[in-house]
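This report concerns only the one structure given below.
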Amino acid sequence: MANRDGKVTATTMLMPLRRGWPLWCRVLWWAAERFPSVPAPLRRQSFIHIARWSLVDRLGDEPLDHTFLYFESNFDDSLEAYIDVFLKAVPWRMRMQWAGAVDYPGLYPSAEYRDWSDDHANEVQHYYSRYSNASTSEVAAALEVCDRLDRFEAGATTLDDEAFRARYRVLLSEVSRWL
């Protein structure tokens, strides 16, 4: 289940894990922190705002009968497009992460995987996106333009008209790729 706000979608999933799989998740996450090549394919997906995995084995003081994998993500586009990109871009990563979930159907055929992920999705109770009508790429571009403009303004106060015009043209050529 996904929740939309403008261009941004939020999803959460909660899956019971088979015995021993929480240890595998911890090893995988440890490797991802120490070896940049492990999370690199996910980080190249510019439409993802955030993706986070956690292990849950208790609610308050009450232990649960399984350890659960909790996944939450915010991303541009639809849940179907998000899943399709993951299936194509990082199928090995998805297998390593999800394969320990109870009743995991595998990635292919992808319709079965989508049904399984929908069955484990939870409705987001509260969702807020500061820039809901902007994609992650648009926000990143705006930040680049803002940074370049700040640098331009800092040095522009002492320039004469010709120097200002020349520096302004340089600024426009620098930021044109983000506009």
May I ask you to derive the FRET efficiency for W92 and T158 from their Cβ-Cβ distance with R0 = 41 Å, giving the value to the nearest 0.05?
0.15
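Decide, for region 20-79, between rounded, prolate and oblate: order the square roots of the alpha carbon gyration tensor eigenvalues as a ≥ b ≥ c, take rounded if a/c falls under 1.5, and otherwise choose prolate if a/b is larger than b/c, else oblate.
Details: a/c = 3.27, a/b = 1.48, b/c = 2.21.
Oblate, because a/c is 1.5 or more while a/b does not exceed b/c.
Per-residue ellipticity at 222 nm for the chain, helices alone: DSSP H runs ≥ 4 residues times -39500 (n - 2.57), over residue total, nearest 500 deg cm²/dmol? Walk me through the intermediate numbers first.
Details: 7 runs with 83 residues, N = 179.
Calculated mean residue ellipticity at 222 nm is -14500 deg cm²/dmol.
How do F86, F35 line up, fewest other C-beta atoms within 10 Å first? Working shown, then result.
Numbers: F86 22, F35 10.
Fewest to most other Cβ atoms nearby, the residues stand as F35, F86.
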Is there a quick way to get the dipole size of the chain? I mean about its Cα centre, with the Cβ of Lys and Arg at +1 and of Asp and Glu at -1; what is the value in debye to the nearest 20?
680
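Could you please rank S117, S54, placing first whichever residue has the fewest other Cβ atoms within 10 Å of its Cβ? Numbers along the way, then the final one.
On the way: S117 23, S54 12.
Sorted ascending by nearby Cβ count, the order is S54, S117.
Under 8 Å for C-alpha pairs, at least 6 residues apart: give me the relative contact order for the chain, rounded to a whole percent.
Values: 215 pairs, mean separation 54.9, N = 179.
Taking the mean separation of contacting Cα pairs over the length of the chain, I get 31 percent.
Quick check: from the Cα gyration tensor, does region 17-132 come out rounded (a/c under 1.5), prolate or oblate?
Values: a/c = 1.30, a/b = 1.20, b/c = 1.08.
Verdict is rounded for region 17-132.
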Please compute the length gained on full extension between Y108 and D65, using 0.36 nm multiplied by the number of residues separating them and subtracting their Cα-Cα distance.
12.6 nm
Of A32, G100, W116, which is farthest towards the positive pole of region 2-122's charge dipole, taken about the Cα centre with +1 and -1 on the beta-carbons of Lys, Arg and Asp, Glu respectively?
A32
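Evaluate E = 1/(1 + (r/R0)^6) for E144 and Q45, where r is the Cβ-Cβ distance and R0 equals 30 Å; express this FRET efficiency to the nearest 0.05. The partial results should precede the final answer.
Details: r = 19 Å, r/R0 = 0.63.
The pair E144/Q45 has a calculated efficiency of 0.95.
Where a number appears in this text, it was derived from the coordinates with a stated rule and is not lab data. Keep in mind that what you see is a predicted model, and the values were worked out from it rather than measured. Because the Cβ atoms are built from the backbone with ideal geometry, glycine has one as well, and the counts that use them run over all protein chains shown.
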